[in-house]
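Below is one structure; the comments refer to it alone.
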Amino acid sequence: MEHVIKLLIVDDETQFLEAIAKRLRKRGLEVHTAASGAEAIEIAGREQFDIALLDLKMPGMDGSQVLKELKQRHKHLEAVILTGHGSLESAVELTKLGAFGYLPKPYELEKLVDTLKAAYEVRLKKKFAADERKLKEIMRLGTSESAIGILRRLKELDDEER
Amino acid sequence: MLLYFLPLLLLGIFFHIQYHRIAAESARAHLQVIAEHQAITLNLFLRERLVNLDNVIDDPAFRDLSGRTSFLERALADLRLTSDAFVDLGVVGGDGLLLDYQGPVHFPGAVNYRDESWFKDLLGAGRKSVITDIYLGVRNNPHFTIAVKRERDGEVSVLRSALSPEKIHEFLASLEGAGEVHAAVVNAAGVFQVVTPRVGLPLNSSPYLPPRSPLRGPMRAAGGAAAGECAYAWLSEVPWALVVQDALPAAGPASLLGMPRGILLITLAFFAIMGGVIVLRARQLVTKQLAAERHEADLSGQLVHAARLASVGELAAGIAHEINNPLAIIAEEAGLLKDSLDPDLPEDEEEPDLKEHLRIIHDAVFRCRDITRKLLAFVRHAEVKLEQHSIDAILEDVVGGMLGSELATSNIAVVCEYDPEAREILTDRNQLAQVLVNLVKNAIDAMSGGGTLTIRTAHKGDRLLVKIKDSGCGMTPEQLQKVFMPFFTTKAPGKGTGLGLSVSFSIIKNFGGNMYVVSNPGQGSTFTLELPYAMNGQRAV
């Protein structure tokens, strides 16, 4: 089954946002855009995304703050940082905060797509691992719990993931 | 120039006065020596004459009354051989009667000297001889009388002789011969006795009235043109004094022209050489000083430039973001157009609006250009150019242009309160912008979590105040003390050079302005610039 990568792009440059969204859609990604950190958190609360592509320097909430917020709310969401303001220290800092990758602007689109795909694979692996955990939990609970109890437990695990 | 010469001049005058004092001293001593020696000569002359008379009166032939007339005649002839001062000879009896006479005068009747003061003096006990003052006498010719007395067998006989003062006159004339001194003989009443026509007339009262005691010494002539240094010496045989006066007019104590020509010339030459040396040396020093100042100005200019480059380094991170963003836009727009030509990718739902995409690319390119242009304008080592500038425009350039997006992305609200009364200031735009960029950049660094930057201008007399206030971390008193010192920084190693504020400070000082800071930890900092509207004589580097 072909998976569609669901991507949220956050950048205060709206022209850039539109152009990159168009190009990635052409390459088969499902792309949503947000022009500020607050908007991104709001959208991510409504829909589940595989990857967030974050600009670092933004008025209001900056990239690292958005990253922290999103990671806190959506455990399996992968984040890739995209910024014109690059330094090694900030890359290390962001990796610690849970960012998957870090790309300086301007970039080659192919490299971005590769990074996004790699991030998606990690995301899938984590998802599989989680599903496996669920399956094992069902097996473990299989004899001792009622069907409703098992469903409740699975809901708990889902909530943990978020 | 006068200042250089004044000490020399004073020194010259001092030496001049000293010289005059010593010269006058030596002249006085010289006069005294002349007076003493010549008085001795005069004494000898007079004593000799007395001795001449003594010899005559003691001659055995003198007592021979019968042959006395011829004896006197012979004696006078002998005396005149000895000294032609002798005019006549006369024998006077104890009663004052002239008994015998040899000489040019023919007395019509008997002559009696009884009432003459010299005769009375001579008759006094213990006197053996007498010399009278000068008198005109019967022949109306100035002369004086010398007389000797003998007492033999209770009978008094006196030998008198009139003497012409011609000899003394000649003597005085030879004394004055060199023209250096005036000489005269005066009696106890200060009346000229023997005198050359240059000095006065005999028997006229003289300006000289030497004291009786001491017997010799210096004196001053009383008043008139003759006033000046004199020396006197009393004669021993007669109450006359020889007075010698410096014939040269006494020079004023500070008259430079009174100095001997040689000394004057040497002094002038010395002054000229000293002056020359001083002028040369002063010029050398001034040149050196100017060179040093120029060198310092160069260094200072280089430092300002270095600090500017350093702050460009600090700006660079922000600038990179500024440029990379539009570059990313260009890349994406170009990518979009490339994509639409790529047969492998799905067709667009609608034809891409080429014009719109090209406009976006164009705008992004010029956004980059504006950024680099601003940066270059800031870095350029331009000549210092003092021009009238509106402070509002420069501030707008800094917070709106150069640091605008950095302020925005750092979540710093900018509040501008510009005084509408502020006039344009005469300043160098680049340097003032450098200072402001520095202050705003520091404010941004101090407000890492965002905050408010307040920029206020105010008009205060002949100065314009610019206050830059942040709501950042503030500074401790220890940090405040060192804040304008070179290489002092509160930033992490490698983040700041510690040059920004120290160079800003010197730039503002060079503008003739002032810069200070108020800060408390946790309450932010306020930097204030005081800028003069016009710089008077200030040199900006």
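The values are calculated or read from the model by the stated rules, or taken from the named source; none is laboratory data. Just so it is clear, the structure is predicted and the values come from calculations on it, not from any experiment. All Cβ positions, even for glycine, are placed from backbone atoms using ideal geometry, and neighbour counts span all protein chains on display. These accessible areas exclude ligands, DNA and RNA; they are computed on the full protein's heavy atoms, side chains included. Shrake-Rupley method; radii C 1.70, N 1.55, O 1.52, S 1.80 Å.
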Fill in the blank from the handout: Along the dipole axis of region B:2-246 (charges at Cβ: +1 for Lys and Arg, -1 for Asp and Glu; origin at the Cα centre), the most positive-end residue among B:Gly137, B:Leu76, B:Pro210 is B:Pro210
Practice task
Tally the DSSP beta bridges in chain B and give the antiparallel ones as a percent, rounded to 5.
Solution key: 90
Handout entry: Farthest toward positive dipole pole in chain B [+1 Lys/Arg, -1 Asp/Glu at C-beta], among B:Ala458, B:Leu6, B:Gly524
Key = B:Leu6
Practice task
Would you compute, for the Cα atoms of chain B, the largest minus smallest coordinate along each principal axis and list the three values in descending order, in whole Å?
Solution key: 189, 45, 42
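For peptide A:133-145, what's the mean number of Cβ atoms from other chains within 10 Å of each residue's Cβ?
Values: counts 0, 0, 0, 0, 0, 0, 0, 0, 0, 0, 0, 0, 0.
The mean count of partner-chain Cβ atoms within 10 Å per residue comes to 0.
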Exercise for the section: Over the alpha-carbon set of the protein assembly as shown, divide Rg by the Kirkwood Rh and report the Rg/Rh ratio to two decimals. Expected result: 1.66
Practice task
Would you kindly derive the ³J(HN,Hα) couplings of region A:17-32 from the backbone phi angles with the Karplus curve 6.51 cos²θ - 1.76 cosθ + 1.60 (θ = phi - 60°), listing them in order in whole Hz, with x for Gly and Pro?
Solution key: 4, 5, 5, 5, 4, 4, 5, 6, 4, 4, 8, x, 9, 9, 10, 10
Practice task
May I ask you to evaluate 6.51 cos²θ - 1.76 cosθ + 1.60, the Karplus curve with θ = phi - 60°, for each residue of region B:95-100 and list the ³J(HN,Hα) values in order in whole Hz, giving x for glycine and proline?
Solution key: 8, x, 6, 7, 8, 9
Practice task
Quick one: angle between helix A:37-46 and the longest Cα principal axis of chain A, in degrees between 0 and 90, rounded to 10, please.
Solution key: 30
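Roughly how big is region A:6-128's charge dipole about its Cα centre, with Cβ charges of +1 (Lys, Arg) and -1 (Asp, Glu), in debye to the nearest 20? Display every interim value, and only then the final one.
Details: 20 positive and 19 negative charges, 119 e Å.
In debye, rounded to 20, region A:6-128 gives about 580.
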Exercise for the section: Output the relative contact order of region B:327-435, whole-number percent, from Cα pairs under 8 angstrom with separation of 6+ residues. Expected result: 30
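Treating the beta-carbon of each Lys and Arg as +1 and of each Asp and Glu as -1, no other charges, what is the dipole magnitude of region B:1-115 about its Cα centre, to the nearest 20 debye?
Numbers: 9 positive and 14 negative charges, 117 e Å.
Here the size comes out at about 560 debye.
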Practice task
Hey, for a label at B:Leu386 modelled as a point 7 Å past Cα toward Cβ, could you say which residues of region B:411-446 have their backbone N under 11 Å away?
Solution key: B:426-428
Problem - Residue-normalised accessible area of region B:292-532, given per residue in Å² at a 1.4 Å probe - result: 50
Fill in the blank from the handout: In whole percent, the fraction of accessible protein surface over chain A that belongs to carbon or sulfur atoms, probe radius 1.4 Å, stands at 54
Problem - Cα gyration tensor shape of region B:2-246, rounded if a/c is under 1.5, else prolate or oblate by comparing a/b with b/c - result: prolate
Completion exercise
Interface residues of region A:42-80, defined as losing at least 30 Å² of accessible area versus the chain alone with a 1.4 Å probe, are A:Lys57, A:Pro59, A:Gly60
Fill in the blank from the handout: Subtracting the Cα-Cα distance of B:Asp344 and B:Leu98 from 0.36 nm times their residue separation yields 70.7 nm
Fill in the blank from the handout: Rounded to the nearest 10, the angle in degrees between the Cα long axis of helix B:500-510 and the longest principal axis of the Cα atoms of chain B comes to 40
Completion exercise
Long-range amide H partners of B:Thr145, meaning residues 5 or more apart or on another chain whose placed amide H is closer than 5 Å, are B:Thr132, B:Leu163
Handout entry: Accessible area of B:His37 in the full protein assembly, 1.4 Å probe (Å², nearest 10)
Key = 110
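Counting only C-alpha contacts under 8 Å and six or more residues apart, can you give the relative contact order of region B:359-506 as a whole percent? List each step's numbers first, then the result.
On the way: 176 pairs, mean separation 29.7, N = 148.
Computed value for region B:359-506: 20 percent relative contact order.
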Exercise for the section: Any lysines with Cα under 27 Å of the B:Lys509 Cα? List them, leaving off those in the same chain fewer than 8 positions away. Expected result: B:Lys288, B:Lys374, B:Lys385, B:Lys441, B:Lys460, B:Lys467, B:Lys469, B:Lys482, B:Lys491, B:Lys495
Fill in the blank from the handout: With label points set 7 Å from each Cα along the Cα-to-Cβ direction at B:Phe107 and B:Ser26, the distance between them in nm comes to 5.6
Fill in the blank from the handout: With +1 at each Lys and Arg Cβ and -1 at each Asp and Glu Cβ, the charge dipole magnitude of region B:2-246 around its Cα centre, to the nearest 20 debye, comes out at 460
Practice task
Towards the positive end of the charge dipole of the protein assembly as shown, with charges on Cβ (+1 Lys, Arg; -1 Asp, Glu), say which of B:Leu337, A:Val80, B:Ser390 has the farthest Cα.
Solution key: B:Ser390
Problem - A:Met61 long-range amide H proximity, modeled H, under 5 Å - result: A:Gly37, A:Ala38
Fill in the blank from the handout: Spelling it out for B:Leu453: with amide H atoms placed in the peptide plane at 1.01 Å from N, the residues 5 or more places away or on another chain with amide H under 5 Å from its amide H are B:Ala413, B:Val414, B:Val415
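Can you pull the mean other chain C-beta count within 10 Å for peptide B:333-341? Working shown, then result.
Working: counts 6, 2, 8, 6, 1, 2, 6, 2, 0.
That works out to 4 on average.
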Exercise for the section: Return the sequence-ordered ³J(HN,Hα) values of region B:320-333 in whole Hz as given by the Karplus equation 6.51 cos²θ - 1.76 cosθ + 1.60 applied to θ = phi - 60°, using x for Gly and Pro. Expected result: 4, 4, 4, 7, 5, 4, x, 4, 5, 4, 4, 4, 5, 5
Exercise for the section: Quick one: go through region B:408-447 and flag any residue whose amide nitrogen is under 20 Å from the point 7 Å out along the Cα-to-Cβ line of B:His459. Expected result: B:416-427
Completion exercise
Helix A:63-73: inclination vs chain A longest Cα principal axis, degrees, rounded to 10, gives 10
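So for the protein assembly as shown: antiparallel DSSP bridges make up what percent, rounded to the nearest 5?
75
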Problem - Estimated 222 nm signal from helices in chain B, with DSSP H stretches of n ≥ 4 weighted -39500 (n - 2.57), rounded to 500 - result: -15500 deg cm²/dmol
